[in-house]
1. Of 150, 110, 77, which has the largest mean-square fluctuation in a 10 Å C-alpha GNM of the chain?
2. Specify the residue with the greatest mean-square fluctuation among 47, 124, 35, computed from a Gaussian network of the chain linking alpha-carbon atoms under 10 Å apart.
3. For q values of 0.08, 0.11 Å⁻¹, compute log₁₀ I(q)/I(0) with the Debye formula on a Cα-only model of region 2-185, without solvent.
4. Just 50, 164, 95 to compare: in a GNM of the chain, with alpha carbon springs under 10 Å, which one fluctuates most?
5. Sorting 90, 112 on the 10 Å Cβ count, fewest up front, what's the list?
6. Determine, for 42, 109, 98, the number of other Cβ atoms within 10 Å of each Cβ, and report the residues in order from fewest to most.
7. Could you give me the radius of gyration and the Dmax of region 1-55, taking only the C-alpha atoms into account and expressing both in angstrom?
Amino acid sequence: MRGKFALEWYKKGEILLTKFEGNSDSGLLFESYIYLWISLTVAAKEYCACDGKQFSTYNNETSTDKDEILYWAKVRNKKILENLKNYEQDILELCSRVGSETASPIMDVNGDKIIEFHNDFISYWKDQNKHKEFGIVKTFILILNRVRNNLFHGGKNFSVESDCEILRLTCPILKGITSECINTIR
C-alpha cells in the first residue's frame with residue numbers, strides 16, 4: 001500500500017517538475033519538491049518495514065523520517081552516488097553557494113558539525129576526500145532534509161530567487177533518489 005502511495009506522489013512530483021522546466025513557474029518547483037520528498041519518505045519507511053528495521057523508538061526517542069531515509073541510503077550508497085555524479089555540474093553550482101544570512105557553505109546552517117559536513121561535501125566534489133563516499137551521500141540527504149524543513153516550516157519562499165535556485169539544483173536529484181528508493185520496494 002505504501003509503495004503505491006509513494007509511486008503516485010512521485011508521479012505528481014515528476015509531472016510538476018516537467019511543467020516547471022517548460023515554463024519556469026517557481027510555484028511548480030516548490031510543489032514538485034514537496035511531492036517528491038513525501039514520496040521518498042514513504043518509500044524509505046516501506047523499505048525499512050520490509051527489511052525488518054524497527055524505528056519506532058531509539059533511546060526513548062521516536063525516529064525521524066530522516067533516520068529512515070538515511071538507513072535506506074546507506075544500503076543504496078553506490079546507486080545514489082551514481083545519481084549525484086549524473087548531476088555533477090548542478091552539484092558544483094550548489095557547492096559554490098553560501099547562505100544569504102550566515103554565509104555558511106551551500107545554505108544557511110547552524111552548528112559546527114553541519115558546517116563540517118557541508119565542507120566535506122564541497123571538498124569531495126572538488127576532487128578531494130574521494131574516500132568519504134557514504135559521508136557525501138549522507139550530507140546530500142541532510143541538505144535535502146534541510147531544504148524540506150525550510151519549505152514545510154516557512155523558511156523558503158518561491159518569490160525569492162536564491163530559494164528557487166537551491167530547489168532548481170536539488171529537485172531533479174531528489175527525483176532520481178526518490179525513483180531509486182521506490183524501485184527498491186517494488
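1. Sorting by GNM fluctuation, first place goes to 110.
2. 124
3. For region 2-185 at q = 0.08, 0.11 Å⁻¹, log10 I(q)/I(0) is -0.24, -0.46.
4. 50
5. 112, 90
6. Fewest-to-most Cβ neighbours within 10 Å comes out as 98, 109, 42.
7. 13.2, 43
Rule-based calculations on the coordinates, nothing more; no lab input. All figures in this text were calculated on a predicted structure; none of them were measured in a lab. Every residue, glycine among them, receives a Cβ derived from its backbone with ideal geometry; neighbour counts consider all protein chains shown.
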